[in-house]
Amino acid sequence: MVFNNEQRNALTYGEGPCMVLAGPGSGKTFTIAARVGYLIERLEVRPEEILVVTFSKMASLEMKNRFQEMTDYRYGGVSFGTFHGIFYGILKWAGVIKGDALLKEFEKQELIRETLKNVEIPESEVIDEDLGESLLGAISKVKNELKHLEELEEVRISGIPLKEVYEQYEELKGKQGKIDFEDMIHLCYELFTQKKDVLKLWQKRFKYILVDEFQDVNKAQYELIKLLALPENNLFIVGDDDQSIYRFRGATPHIMEQFTKDFKGCKQLLLNVNYRSTGFIVGSAARVIKKNKQRFKKEIKALKESPETVHVQEVADVNEEAEYVAALIKEQLASDVPAKEIAVLYRTGMEALVVAELLQKADIPICYKDTLPNLYSHFILKDFLSYLRLAGKEYKRVHFYRIMNKPLRYLSKQCVKAEAFTPAEIETYYQDKEYMVNRVSTLFWDLKMIADKPPYLALDYIYNKMGYKDYLKEHGAKYMVSFSKLEEVVQEALEQAKGFTTIAEWCQMAEEMGQAKRNESQTSENEGVVLSSYHRAKGLEYDTVILLRSNEGVIPHRKASSVEAIEEERRLFYVGMTRAKRKLVITYVQEKNGKAISPSRFVQDLLISS
Ligand SMILES: Nc1ncnc2c1ncn2[C@@H]1O[C@H](COP(=O)(O)OP(=O)(O)OP(=O)(O)O)[C@@H](O)[C@H]1O
């Protein structure tokens, strides 16, 4: 491969701080890998003195492989790793942490639940969010952004003072002798600032530091790396502010600008040739991203030309969308595009469910990059199934027990003892309490009402007319699960039910899907059509990319309201678009749950030529 001038300038750069701003598909990995070789072979740097920091373990492995291939496996000793991997190693070496101190995800969840037991939750508060998750997110943000505890004085999440939660969480964690992911950076920072000799040792060890995906580095990581790079500041950073998509972990695109302020006069280079995508794809992506205000302006040039334009497809609803996508994939496979070169990208797993099912039915191999939620194993779907079974006069105790108090009807399990029952038996049980007899007869009357309805209308009736919605609201408040998340599951179920004409058909499918293991059509060799979130697709490339459900409320996500949040969503969409090498198809639906929804503002932007 022949490096272009900009790539060559970057890889042969000498000493001191250097920022390489690099567009999508501009060969960042190649350039960094080649620079490591250059440092060793031309500048006679010892491999042990080089540290290459990447964002994920996979990226680290890829970088190492590229370097080894380029240099014919001649040099060992270069350190390739992620921030956490490297600093975890240093902490273990220094004896700051021992054994298995790092909290696993489920342990973190348990810890926050424990913490909440010690904190008073104001009764008046409407708990709108999944509280545990929100608090953990806030705690990690505090750490990633190096905030002082005093800054939290006024901060409340669902009415709960964050500072109090933070302190309780830290105390409990300390008692267990555990640390979380974010603590690693902090502990290392503490180690370096308190033990100057240790810092010196590591500064001597890593004389040349190269950081990939710098746009996703948070403040804490940045401070630490600056410390490590002293006194020579041989810091070579590569990144694309337009691809900064880890705001929830404390990253901001400003970090690249900050670098130029902290290292005034640092060398700045731009890799602006996109080797991956066609001119149409690069041009469309540019139209979308240029609407962001917080960015370095850059012109990205495409090397590949092709007459194929970016295709935007409007579809009526999610079922039509899935059929369209499945047909498109079949067409691509028939024209010899390998399955693993086709990717369907989505904002959240929910959007991919219908497509995944259709592809499975069509026996198309799938490679899942994230675990999709199994809608039919969700308790709401199981409740719906029981309701519909009862409506179909399948009077089984299990079904009755499942729904009898959803919503609360004050029914006792004693009213049904045998495995099979009749409604009359329940009325007999309550014969002395007229109000209970009325309740039971209302329930069975409603079940009769839905028996002959199409599944979609039956589910809608259960939800809106039989009080199931009220039950979900109470459930959400009690277990600190956001109601909007639960409602999303209901809406998705309603949407999918539209594809069925009889309740019996729907029940059979729901039962099968509920038991089926998601991802069972997963291919072992990653040979299938890729189903991936935008986040997981970062850094990857495919011949054909389909961006699913590009609607307002999906992308940008309905929760993104601030200017910064919308800009982050736009970057996410940009990352999705720029994964495509040859074919980019963007779909949006006209209606969801009976309501018209607009195409994403990002789609509108790319359609407007300027
Ligand atoms: N000088 C070059 N000549 C030919 N092909 C190149 C050159 N540089 C990079 N490429 C090709 O461009 C594609 C993109 O490279 P790479 O994956 O390293 O990009 P990237 O900058 O990391 O992209 P992104 O930020 O979008 O993930 C790869 O297929 C690579 O082989």
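How far, in nm, would the chain grow between ASN593 and LYS417 when pulled straight, counting 0.36 nm per residue and subtracting the alpha carbon separation?
Contour length minus the Cα-Cα distance gives 59.5 nm.
Quote the relative contact order of the range 433-580 in percent (integer), defining contacts as alpha-carbon pairs under 8 Å separated by 6+ residues. Could the numbers behind the result be given before it?
Details: 77 pairs, mean separation 29.0, N = 148.
Value for the range 433-580: 20 percent.
Reachable aspartates and glutamates from LYS465, Cα under 20 Å, same-chain residues fewer than 8 places away excluded?
By straight Cα distance, LYS465 reaches ASP383, ASP446, ASP452, GLU474, GLU487, GLU488, GLU492, GLU495.
Which GluC sites (Glu not before Pro) in the range 400-477 sit in a loop by DSSP (not H, G, I, E or B) and have at most 12 other Cβ atoms within 10 Å of their own Cβ? Write down the numbers at each step before the final one.
Numbers: sites: GLU419, GLU425, GLU427, GLU434, GLU474; in loops: GLU419.
Those that pass, being in a loop and sparsely packed, are GLU419.
What's the extension gain from ASN4 to PHE379 if we count 0.36 nm per residue and subtract their Cα-Cα distance?
Extra length from ASN4 to PHE379 when fully extended: 129.4 nm.
Straight-line reach from LYS417: which lysines have a Cα under 17 Å away, not including same-chain ones fewer than 8 places off?
In chain and number order, the partners are LYS396.
Rounded to the nearest 20 Debye, what is the dipole magnitude of the range 191-247 about its Cα centre when Lys and Arg each give +1 and Asp and Glu each give -1 at the C-beta? Before the final figure, lay out each step's value.
Working: 9 positive and 9 negative charges, 124 e Å.
So the dipole magnitude of the range 191-247 works out to roughly 600 debye.
May I ask you to list the residues of the range 394-427 whose amide nitrogen lies under 11 Å from a point 7 Å from Cα along the Cα→beta-carbon direction of LYS433?
Inside the label zone: 409-415.
Tell me the label-point distance for the pair SER335, THR12, using the 7 Å Cα-to-Cβ offset, in nm and rounded to one decimal.
Output for this residue pair reads 4.2 nm.
Relative to 2.2 N^0.38 Å, what does the C-alpha radius of gyration of the chain come to as a ratio? Two decimals please.
Compared with the compact-globule rule of thumb, the chain sits at 1.11.
Go ahead and estimate [θ] at 222 nm for the chain from helices alone: -39,500 (n - 2.57) per DSSP H run with n ≥ 4, summed, over the residue count, rounded to 500. Kindly include the intermediate steps, with their values, before the conclusion.
Working: 25 runs with 288 residues, N = 610.
Only helices count here, giving -14500 deg cm²/dmol.
Which one, LEU131, SER26, ASN292, projects farthest toward the positive side of the charge dipole computed for the chain from Cβ point charges (K/R +1, D/E -1)?
Comparing the listed Cα positions along the dipole, SER26 ranks first.
Could you tell me the distance between the Cα centroids of the range 211-252 and the range 262-291, to the nearest Å?
Here the answer is 18 Å between Cα centres.
Which listed residue (GLY159, TYR169, ALA477) has the Cα farthest towards the positive end of the charge dipole for the chain, taking +1 on Lys and Arg C-beta and -1 on Asp and Glu C-beta about the Cα centre?
Checked the options; the winner is TYR169.
With the crude spin-label approximation of a point 7 Å out along Cα→Cβ, what separation in nm comes out for ARG558 versus GLU44?
According to this spin-label approximation, the distance is 6.5 nm.
What is the magnitude of the charge dipole of the chain about its Cα centre, with +1 placed on the Cβ of each Lys and Arg, -1 on the Cβ of each Asp and Glu, and no other charges, expressed in debye to the nearest 20?
The calculated dipole for the chain is roughly 1000 debye.
Label-point separation (nm) for GLN515 and THR82, each offset 7 Å from Cα along Cα-to-Cβ?
Using points 7 Å along Cα→Cβ, the separation is 3.7 nm.
First measure r as the distance between the Cβ atoms of LEU149 and THR260, then evaluate 1/(1 + (r/R0)^6) with R0 = 35 Å and state the FRET efficiency to the nearest 0.05.
Efficiency at R0 = 35 Å is approximately 0.70.
So, R0 is 45 Å and r is the distance between the beta-carbons of ASP197 and TYR479; what FRET efficiency does that work out to, to 0.05?
0.35
Aspartates and glutamates within cross-link reach of LYS207: Cα-Cα under 13 Å, excluding same-chain residues under 8 positions apart?
Straight-line reach from LYS207, under 13 Å: GLU15, GLU44, GLU48, GLU49, GLU232.
So for the range 1-130, averaging the separation of alpha carbon pairs under 8 Å that are six or more residues apart and normalising by length, what relative contact order in percent results?
Reported relative contact order: 19 percent.
Measuring from a point 7 Å past the Cα of LEU230 along Cα-to-C-beta, which residues in the range 168-191 have an amide N at less than 17 Å?
Residues 186-191 qualify, since their backbone N sits under 17 Å from the label point.
Over what distance in Å are the Cα centres of the range 309-376 and the range 139-172 separated?
If we compute the Cα centre of each part, the gap is 41 Å.
Longer than 22 Å from Cα to Cα, which of LYS219/LYS485; LYS498/LYS595; LYS147/LYS478; LYS293/LYS485 are they? Say none if no pair is. Each step should come with its number before you reach the end.
Details: LYS219/LYS485 31 Å; LYS498/LYS595 14 Å; LYS147/LYS478 31 Å; LYS293/LYS485 31 Å.
With Cα atoms farther than 22 Å apart: LYS219/LYS485; LYS147/LYS478; LYS293/LYS485.
Laboratory data are not the source of any read-out in this text; all were calculated from the coordinates shown. Note that the structure is predicted; figures quoted are calculated from it, not measured. Ideal geometry is used to build each Cβ from the backbone, glycine not excepted, and the neighbour counts take in all protein chains shown.
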